[in-house]
1. Of all the residues that make up segment 67-119, how many are surrounded by 14 or more Cβ atoms within 10 Å (Cβ to Cβ), in contact with a Gly (Cβ under 8 Å, 6 or more places away or on another chain) and among the hydroxyl-bearing types (Ser, Thr, Tyr)?
2. Anything in segment 407-430 that is closer than 17 Å to Ala68 by Cα and under 29 Å from the mean Cα position of the chain (by Cα)? List them, or say none.
3. Of all residues in segment 687-720, how many are of a type outside the set (Lys, Arg) and not in a loop (DSSP other than H, G, I, E, B)?
4. Every residue in segment 181-227 that is among the polar types (S, T, N, Q) and either outside any loop (DSSP other than H, G, I, E, B) or closer than 25 Å to Gly546 by Cα (or both), please.
5. Which of the residues spanning segment 312-334 are within 14 Å of Asp371 (Cβ to Cβ) and open to solvent by 10 Å² or more (accessible area, probe 1.4 Å)?
6. Would you confirm whether any residue within segment 678-685 is part of a loop (DSSP other than H, G, I, E, B), in contact with a Lys or Arg (Cβ under 8 Å, 6 or more places away or on another chain) and open to solvent by less than 30 Å² (accessible area, probe 1.4 Å)?
7. Which ones in segment 532-584 are open to solvent by 30 Å² or more (accessible area, probe 1.4 Å) and in a loop (DSSP other than H, G, I, E, B)?
8. Restricting the search to segment 135-157, which residues are touching a helix residue (DSSP H, G or I) at 6+ places or on another chain (Cβ under 6 Å) and either closer than 30 Å to Lys171 by Cβ or in a helix (DSSP H, G or I) (or both)?
Amino acid sequence: MTVSVRAKEPFSDQRAATILRRRMRAICWASVLAAAVASSLATAAPSQTADGAVAHPALWPKADSPAAFTDAATEARITALMTRMSLEEKVGQTIQADINSITPDDLRHYPLGALLAGGNSAPHGDNRAPASDWLALIRAFRAAAAEPRPGHTPIPLLFGIDAVHGHNKIKGATLFPHNVGLGAARDPELIGEIGRATAEEVSASGADWTFAPTVAVPRDVRWGRSYEGYAEEPDVVAAYAGPMTLGLQGPLKPGQPIAPGHVMGTVKHFLGDGGTAGGVDQGDARIDEQTLIRVHAQGYPPAIDSGVLAVMASFSGWNGVKDTGNSSLLTGVLKGRMGFKGFVVGDWNAHGQIAGCSTTDCPQALNAGLDMYMASDSWKGLYDHTLAEVRSGLIPMARLDDAVRRILRVKFKAGLFEGPSPAAGHFERLGSANHRAIARRAVRESLVLLKNNGRVLPIRASATVLVAGDGADDIGKQSGGWTLNWQGVGNTNADFPNGQSIWSGVAAAIRAGGGHAELSVNGTYARKPDVAIVVFGENPYAEFQGDLDTLEYSPGDGHDLALLKRLKAQGIPVVSVFLSGRPLWTNPQINASDAFVAAWLPGTEGGGVADVLIGARSGAPRHDFRGRLSFSWPARADRSPGHPDEPGYAPQFPYGYGLSYAHPARVGPLSEDPGVRSANLNLERFFVEGHAPSPWTLAATGALTVRAIDAGAQENARLATWSGQGVGVLAVLGGPVDFRRQTNGAMALLVRYRVSATPTAMVRLSVACGPDCGGALDVTALLTADRANARDADWRTSKIKLSCFQDAGADMSKVSSPFSLSTNGALSLAISDLRLVPDEGDAICPSDPGLR
């Protein structure tokens, strides 16, 4: 087969070139996806052990689920119920499926015990579906599960959802600051109020279970889930775990279910997920047992003592053994030493990561102490295998019965056997004024003032104020990940009908004080301002897609810094409001600012920022800064500052730091040496692990749609579908970047892809170097042949020499798009990996005789 090149021709047809010049307005970042049991039950399948991964329960803190968790009458009801249950029904109780992979009719044939709506799952696939659609969907599943059938023992379904900063999957709900901000507030009472408000909104939609609170202690903020942690030290985490549990569930009462308007909580992720080496998501915590106890276990006893009904096992491992299969932790520590009487649920297909397991077959997890598999899309195969393994004795009947009893115990306590919750359908609780007031207070308390030279803050409400930056009027960006969808991308202000952007909050405060406010993302203005507020920071992300290589903010992309410097050069005092899910190396941006505020991810109530930044007409503060760092702020980009209890602790701003109007201090200038060559970071990786690393962006425009799919991990690939109704372009944008060295060094563009529908017109693979500059290859024959020779599940990898694109006319010294695929025909193609790699004799070019 051949790939033809139109040497030295223009980059593409005129329409495609125009599309690229407009820089692909439709940004499509949308969005998880070693060893077995340390010690299993006596009759379990053969297990493996690893040195340093066997816990010694006597060393661990004691806890106990409260006596009100259950009672003799409830246990008798459970016993009577289990005597009527078939083996199939017992196995079904241990499996949870995602709504995207199951229908109500399936529940008439598979008696599963629980469902969930994962990060991107929603009624009809619509992440902006109204609450009424959610309630209707949940009721349809429950009705199917409860239908009377011969030999069937109806048991209510649990329905779980990730309400991690409010009911974040529902349009119009109140979204609170993410945990990284709440940790800075140091306010356990506030945490309880947030838990109660979240529970009211979740229960109104018909769900009865949230996968919160997170009590991870992130020790390396390169981890993409760092913002789900309250602090890098266990003190704040331990202080919050109990109040959040009580807020969600209410206090347990003997012989009674939790009260209407409350939902069951899930303390997670057991254990050590914040301590993985390198901050790698789903990685391995290579630490001794004392550190695991002292740092990472402290949030669990308060939650258990407060009556938390579920615990989620972690994706991650401890010294080489995955937690989901570590019986010394799940059974010995959690259920033994800590006296936990509820059930342990897995994370999204996490059982499949245990050595010797797959997502559809893993007796090791149940034998280790897992009670419910989160078998999102693998539930059917897992059900069949688990049923067979109980029948064969590979999974002991006693272990299955213990798991089922724990699950039923929780269902009784959650009130599922009492009938439909009277709170369901009270949609007026979503985004209520009371809940929004709590969220606004949380925003005020979470802000941390890092710098306020010249006392530029507070700003007089009578001043002329410019509000700039790409985060100024973007509620989606200020809310971060886990917002309407998993990664929190693609949201607009219209998706938050009850929300307020930071700009809107500032404008309201300034206008009320008689001042003048102007919004300009790029910093231009009609009237020279007295002060500029620039709102910028990280774009939304979640889980492993947010993992970083270094601590530098936005490496290789200096547009935010340039904006700050431009305003300063015009003699305008600059206040930076930094949106982020973690502290990052921002010394250049801090130096270019008169004041610098860490606003974290404040959620939907942007007015809380204005409450603290904007004073009275006279300039007197209305609210002072209260927030104190719950994570040490890095002094360099190439290494963590460490932690207060460690030798060599060297932060830019230490744990607990936070200025205020009452306690000012002068800051700077700070060193601008990052300790790492930021200009070269990620430049050779264009799309990996489900995202385009900075400074690159994956964009799509024209006659195509893009959605996230799984390719061995959760949503780590993108499926692009061209309609054939005009030109569509899928491209990686950034730069310009000088790739001459890579081209001369015989490097190649690696593309891992799968063709699902044969192209009906010419397909161009291009490298662009500006609006009318580039080199295009005709890859139609390659994709057509791949589709003809492949099954739907087949992924192919091709390596194209960079010199191909240079020969076709691309100026490799100023690459603005290292990958662009365009056609005006129909095509369906998935991509999971785009990067530069060495040519090891397997890269192709039109002159290669072995080109496939």
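The values are calculated or read from the model by the stated rules, or taken from the named source; none is laboratory data. Treat the numbers as computed from the prediction; the structure is a model and nothing was measured. Neighbour counts are summed over all protein chains in view; Cβ atoms, including those assigned to glycine, are modelled from backbone coordinates with ideal geometry. Note: areas computed on protein heavy atoms with side chains; ligands, DNA, RNA excluded. Shrake-Rupley method; radii C 1.70, N 1.55, O 1.52, S 1.80 Å.
1. Number of matching residues: 3.
2. Ile407, Val410, Lys411, Ala414
3. 17
4. Thr198, Ser203, Thr210, Thr214, Ser226
5. The one that is within 14 Å of Asp371 (Cβ to Cβ) and open to solvent by 10 Å² or more (accessible area, probe 1.4 Å): Thr331.
6. no
7. Asn539, Asp547, Leu548, Asp549, Gly556, Asp557, Gly558, Gln570, Gly571, Pro573 - these are the residues of segment 532-584 that are open to solvent by 30 Å² or more (accessible area, probe 1.4 Å) and in a loop (DSSP other than H, G, I, E, B).
8. Of everything in segment 135-157, those that are touching a helix residue (DSSP H, G or I) at 6+ places or on another chain (Cβ under 6 Å) and either closer than 30 Å to Lys171 by Cβ or in a helix (DSSP H, G or I) (or both) turn out to be Leu137, Ala140, Phe141, Ala144, Ala145, Pro156, Leu157.
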